[in-house]
Every structure is written in C-alpha cells, then in structure tokens.
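K.L.:
Pasting in a structure now, in structure tokens, and then I'll have a few things to ask.
The values are calculated or read from the model by the stated rules, or taken from the named source; none is laboratory data. Owing to the predicted nature of the structure, the values given are computational and were not obtained by experimental measurement. Reconstructed Cβ throughout: ideal geometry from the backbone, glycine too, with neighbour counts over all protein chains shown. With ligands, DNA and RNA removed, areas are computed over all heavy atoms of the protein, side chains included. Shrake-Rupley method; radii C 1.70, N 1.55, O 1.52, S 1.80 Å.
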Amino acid sequence: MDIFMEKNNKKSVFLICFLLLMTGLFGDNFRVAKLKSIEIPADYSPVTVNVGLNEGLFLKIPKDKTFIQGFEFEIKIPKIVATYRDSVIYTFYSDVSPEPKDNLIDYSGKKLMVDTIPPRLSINLQTFFENNTKTQKSPYSTLLPFTLSENQENLAIRFQMAMKGVPESFFSSEFSITIKPILKDEGLLSINLIYPETEKETETDISVAKGNISLFIDDNVISDYSKPILLKTGTHHISVVSEDYRNEVRTIIINQASNSVLDIELKSISPELTIVAPANTKVFLDDVELVTFSDKISISPGEHTVKFVIGDYELTKTVFIQNGKSYEVSLLVDINVLESSN
C-alpha cells in the first residue's frame, strides 16, 4: 500500500507541475463539466452546494458589501478522496466569464491559487477584502493566500483529478461546500428628525432648520446625518442639542448587519401653559378671557397674569415664563371643617 501511495504521489506532483506549465502557456482558460452558480441571500445566511469532480462553484459577490468583510468556505471532503492523498486539485479563480450556463463547459478567469485536497474530512478556508484589517489567524480555518478587490464581481472554485489508479466509486463522490459571508461587527443607523407641525407648514427650506441642530452619537458630533451612519454593534447614545428646539436624548441598540431607524420628534422651545380649574370657572390670561383651557397653551416668554373668577370670588396669579419650560397653574378648591366645644 505504501509503494502504491508513493507512486501516486509522484504522479500527482508531476500532474500539478504539468498543469501549472500549461496555464503559463495558454492562460487562465479552464473546462468543467458543470459550473454551479450561487448568490448570497439578503439575510446573509449560509448556502450549501454539492460539487462533484471536474465541476466548479461560481459565487456572485454582492454589489453591496457594506457589512461583508470576506467569505468562508467550509468544504466537507468525501472519505474516499481523503484516503488518497493529493488525489484532487482545487483551484480558485476571480473575474470568471462568461456567466455560468448549463450548456457551457469552457470558461476563463484569473487564477488565484492552486492546491491539493488534504487527507482530512473537512477544511475551512477564508478570504477577505483587501481593505479589511483582519490579520490574526484562526486555529479553526486557513487564510487563503489572496484578497478580494472591492470591485470584484465573482469568485469560483474548481475541482479536478490529480492522479490515476483510483477506484471507480471515486468519480461519483461529491464535495459539500458551505459558503457564508464573514460579517463586520457593525450596523447602520438612519436618524429621522421630525419637526413640529407649525415648522413644517411655514418652513420652505427645511435645511435651514437642520442647520440649527447639533447631533451627537456617544459624545461624537455627527456633521452629516442625512444618510445612514455605520456604527459598531452594541448600545449607543444619541443626543440632539439645539437653541431652537428642546434637547432630546435617546438610547438605541445596534445589531450586526442590520439597518435600524430612529425617529426623533423635535419639540419647540416655546413655553407651554396648562390651566387647571373647575368647569364653571372663568379664566383670564392677561385680562383676555379664555374660551377653553383644557389644552396646553403656547405662550410667549415674560410675565403673565392668570385670573380665576368663580361667582363673586376672584383670584389672581402672576407667572414669569421662560423658554423651554412648561407651566401649570391650578385653582385649588378646598373645604375646611372647624370643630369647637360648647
């Protein structure tokens, strides 16, 4: 058995050298019995495909890579392939064309790497986009010797025989490949500022109102919040500070690879006055009788007089009003019981 394996190893090494020489002479054209095409789902869930010998897998890379920092290929190796060391070659390609079709067997692409399947039942391979900062190797995966460009549209892996003299059952074996995107530990936050109704009716250029607002996320000023903001996952504190609106504070949790929306309703700093009195009471504000006083009243800053009239009784209260505050003036009616001894 050892002599047989040694001869096969020599054959496989020779075949790899021959394939590399042929690639150098004729370019990165390759032929497969089938090239299976897959796409990453919108929820970034893993995709599993079975690929046979002399077949390949074609991954369409999403155009939106906001949350994706790379891809992981978990390949389950058939037992019979693992038994025959260096019996199968796998090759990665980028920029593969044309688009895979059932009746096509000839393709071209840029060869990124070539290696033989190891004598194991599974391998875990990872590759990242070139702007990714990940450098630490994982004990559970192998970092592929190439990076992905930001404008790269596809990535393909191909399997082919590297030796002869294997059993007939060898050729019907399949590799189970699970591809999943490696996600950034980030999410997007969209902030919508909702202005008071009176502002919406009279403001012709809403950007003028926005100019009077300072937005902070975790004490960092955000100069442009007209588009989604990329944040680390976890809890974040949002503050809106303005001289024209009341300050607002919110807390939000950002989840990985998610799009969160936060609506913040702005309130005017104009002071408000609430009057509480029995229904049969006449109420005067600065000597003007109020028809109704059940709702909050917008009032200007400064000194104001509230007068209550019940029958022949009259009570007056002076209130000094400031911006950004709410006031309540209540007429308290009480009954006192006095007890005396005869």
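K.L.:
Which of the following residues is at pLDDT 95 or above, farther than 25 Å from E130 by Cα and touching a strand residue (DSSP E or B) at 6+ places or on another chain (Cβ under 9 Å): I68, I77, I40, I61?
P.N.:
Exactly one residue qualifies, and that residue is I77.
K.L.:
Within the range 305-324, track down each residue that is modelled with pLDDT under 90, closer than 16 Å to V283 by Cβ and either of a type in the set (F, W, Y) or within 45 Å of the chain's Cα centre (by Cα) (or both).
P.N.:
Y313
K.L.:
Among the residues of the range 194-217, which ones are out of contact with any Phe, Trp or Tyr (no Cβ under 8 Å at 6 or more places or on another chain) and at pLDDT 90 or above?
P.N.:
Residues satisfying the conditions are I194, S214, F216, I217.
K.L.:
Within the range 285-315, can you find the residues that are within 18 Å of S326 (Cβ to Cβ) and either touching a Gly at 6+ places or on another chain (Cβ under 8 Å) or charged (D, E, K, R) (or both)?
P.N.:
Listed by number, the residues that qualify are D295, K296, E303.
K.L.:
Report, by residue number, each residue of the range 263-272 that is surrounded by 13 or more Cβ atoms within 10 Å (Cβ to Cβ) and out of contact with any Lys or Arg (no Cβ under 6 Å at 6 or more places or on another chain).
P.N.:
Correct list: I264, L266, S268, S270.
K.L.:
Taking only pairs six or more apart or across chains, which ones have beta-carbon atoms under 6 Å, a first residue in the range 248-273 that is within 18 Å of S214 (Cβ to Cβ) and without any contact (Cβ under 8 Å) to a residue 12 or more places away in the chain, and a second residue that is surrounded by fewer than 17 Cβ atoms within 10 Å (Cβ to Cβ) and of a type in the set (A, V, I, L, M, F, W, C)?
P.N.:
Within 6 Å, no pair qualifies.
K.L.:
While we're here: One residue is enough: does the range 165-181 have a residue meeting the conditions over 30 Å from G234 (Cβ atoms), hydroxyl-bearing (S, T, Y) and assigned to a strand (DSSP E or B)?
P.N.:
yes
K.L.:
Could you identify the single residue in V81, V49 that is assigned to a strand (DSSP E or B), among the aliphatic types (A, V, I, L, M) and either touching a helix residue (DSSP H, G or I) at 6+ places or on another chain (Cβ under 9 Å) or surrounded by 13 or more Cβ atoms within 10 Å (Cβ to Cβ) (or both)?
P.N.:
V49
K.L.:
Restricting attention to the range 218-225, does a residue exist that is at pLDDT below 95, surrounded by 12 or more Cβ atoms within 10 Å (Cβ to Cβ) and over 21 Å from E197 (Cα atoms)?
P.N.:
Checking the range 218-225: at least one residue is at pLDDT below 95, surrounded by 12 or more Cβ atoms within 10 Å (Cβ to Cβ) and over 21 Å from E197 (Cα atoms).
K.L.:
Within the group I275, I321, I252, which residue is under 30 Å from K65 (Cα atoms) and open to solvent by less than 40 Å² (accessible area, probe 1.4 Å)?
P.N.:
I252
K.L.:
I'm told G302 meets every condition in (1) farther than 22 Å from V333 by Cα; (2) at pLDDT 90 or above; (3) of a type outside the set (K, R); (4) open to solvent by 30 Å² or more (accessible area, probe 1.4 Å) except one. Can you identify the failing condition by its number?
P.N.:
Of the numbered conditions (1) farther than 22 Å from V333 by Cα; (2) at pLDDT 90 or above; (3) of a type outside the set (K, R); (4) open to solvent by 30 Å² or more (accessible area, probe 1.4 Å), the odd one out for G302 is (4).
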